[in-house]
Amino acid sequence: MVRERQKAPKSYVNRSLIASIHPHGDIAEQYRTIRNNIQYAANGKKIRSLLVTSSSEGEGKSTAAVNLAVCMAQRGDRVLIIDTNFRNPIINKIFNVQTSPGLSNVLGQQLEIREAIYNTEVEGLDILPSGQRMYNSTELLDSQIMVDVMEFASEHYDMVLLDCPPVLGISDTNTLVSKCEGVLLLVKSGKTQLALALEAKRALLFAKANILGVILNKKSG
Ligand SMILES: Nc1ncnc2c1ncn2[C@@H]1O[C@H](COP(=O)(O)OP(=O)(O)OP(=O)(O)O)[C@@H](O)[C@H]1O
Ligand SMILES: [Mg+2]
């Protein structure tokens, strides 16, 4: 069973979902370009799982992940976003559902994954919120259960997008890299320091990430 919730009236759609609110605007167009470039970067191989991260906090990872997911769903893909940021979960807030139950309950074997997935008002786009914060998150994300979660997701969705915490400072993201076919590294114009961006790239490559590209956020800001 997937949790069906009442669809939010359009006026309550979170403003982060810019690709949904203004599907014909410039920003949506840029996300569509990134969506299409992902396949080119993968040399035509169909990428079915993607991880979005950056070097530091607050650079726009979640915003990019949800808008990319919206554009993929608008193309007709069945898309699942998994919120793996237990420190600062935001996907549930953007889609107006509780943080829990979520991934942590699935990893803690309190719930089946299908019971923790929510439909959203965007057709074709489902979300798995983070669940409550776990202090042994790295171990649980590194477990066979997380492998099972990814397997289930890949069987039921065309694209599984992992909204991750920063790659530097905590190990959670590195643990997830090997479970995804592609990685997008986000840098924020005027904020991300070059040294940190390079360190993030090194850390991802060390974890054997298939870095498909870099998203430059807030270019005009
Ligand atoms: N291009 C942008 N223009 C304006 N505001 C933006 C842009 N990208 C992100 N933001 C805003 O910046 C804030 C942080 O964005 P977001 O939550 O996506 O960052 P994050 O990297 O996921 O953070 P965290 O490291 O905590 O997970 C949010 O309020 C979001 O709406
Ligand atoms: Mg985030």
**Prompt:** With (1) in a helix (DSSP H, G or I); (2) open to solvent by 70 Å² or more (accessible area, probe 1.4 Å); (3) of a type in the set (Val, Ile, Thr) as the list, and residue 214 as the residue in question, which single condition is left unmet?
**Reply:** (1)
**Prompt:** Within the group 58, 102, which residue is in contact with a Lys or Arg (Cβ under 9 Å, 6 or more places away or on another chain) and either within 20 Å of residue 133 (Cα to Cα) or within 9 Å of ligand 1 (Cβ to nearest atom) (or both)?
**Reply:** 58
**Item:** Selection status of residue 90, modelled with pLDDT of 95 or more and open to solvent by 30 Å² or more (accessible area, probe 1.4 Å)
**Value:** yes
**Tally, over the stretch 154-170, of residues that are within 15 Å of ligand 1 (Cβ to nearest atom), of a type outside the set (A, V, I, L, M), assigned to a loop (DSSP other than H, G, I, E, B) and farther than 16 Å from residue 210 by Cβ** = 3
**Complete:** Going through the stretch 8-40 in order, the residues found to be modelled with pLDDT under 90, open to solvent by 30 Å² or more (accessible area, probe 1.4 Å) and within 26 Å of residue 149 (Cβ to Cβ) are 14, 16, 39
**Message:** Looking only at the stretch 188-208, filter to residues that are out of contact with any Ser or Thr (no Cβ under 8 Å at 6 or more places or on another chain) and hydrophobic (A, V, I, L, M, F, W, C); which one of those is most open to solvent (accessible area, probe 1.4 Å)?
**Reply:** 206
**Message:** Tally up the residues in the stretch 32-68 that are within 16 Å of ligand 2 (Cβ to nearest atom), over 15 Å from residue 211 (Cα atoms) and hydroxyl-bearing (Ser, Thr, Tyr), please.
**Reply:** 3
**Complete:** Apart from one, (1) touching a residue at least 60 places away in the same chain (Cβ under 8 Å); (2) away from ligand 1 (no atom under 11 Å from the Cβ); (3) more than 26 Å from residue 124 (Cβ to Cβ); (4) in a strand (DSSP E or B) all hold for residue 184; the odd one out is (3)
**Asked** What number of residues in the stretch 69-78 are out of contact with any strand residue (DSSP E or B) (no Cβ under 8 Å at 6 or more places or on another chain) and either open to solvent by 30 Å² or more (accessible area, probe 1.4 Å) or within 13 Å of ligand 2 (Cβ to nearest atom) (or both)?
**Response** 3
**Asked** In this structure, does residue 99 turn out to be within 16 Å of ligand 2 (Cβ to nearest atom), open to solvent by 10 Å² or more (accessible area, probe 1.4 Å) and either free of Cβ contacts under 8 Å to residues at least 24 places away in the same chain or within 15 Å of residue 20 (Cβ to Cβ) (or both)?
**Response** no
**Prompt:** Among the residues of the stretch 150-164, is any within 16 Å of ligand 2 (Cβ to nearest atom) and either surrounded by fewer than 22 Cβ atoms within 10 Å (Cβ to Cβ) or farther than 18 Å from residue 72 by Cα (or both)?
**Reply:** yes
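Let's see how each residue does on (1) of a type outside the set (D, E, K, R); (2) over 15 Å from the mean Cα position of the chain (by Cα); (3) closer than 30 Å to residue 216 by Cβ:
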| site | (1), (2), (3) |
| --- | --- |
| 108 | yes, yes, no |
| 111 | yes, yes, no |
| 127 | yes, no, yes |
| 150 | yes, no, yes |
| 153 | yes, no, yes |
| 161 | yes, no, yes |
| 174 | yes, no, yes |
| 179 | no, no, yes |
| 199 | no, yes, yes |
**residue 176 vs. criteria free of Cβ contacts under 8 Å to residues at least 40 places away in the same chain and either crowded, with 23+ Cβ neighbours inside 10 Å or more than 13 Å from ligand 2 (Cβ to nearest atom) (or both)** = no
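The values are calculated or read from the model by the stated rules, or taken from the named source; none is laboratory data. All values reported here derive from a predicted model rather than from experimental measurement. Cβ coordinates were reconstructed from backbone atoms using ideal geometry, including for glycine residues, and neighbour counts include every protein chain displayed. Keep in mind that these areas ignore ligands, DNA and RNA; they rest on the heavy atoms of the full protein, side chains included. Shrake-Rupley method; radii C 1.70, N 1.55, O 1.52, S 1.80 Å.
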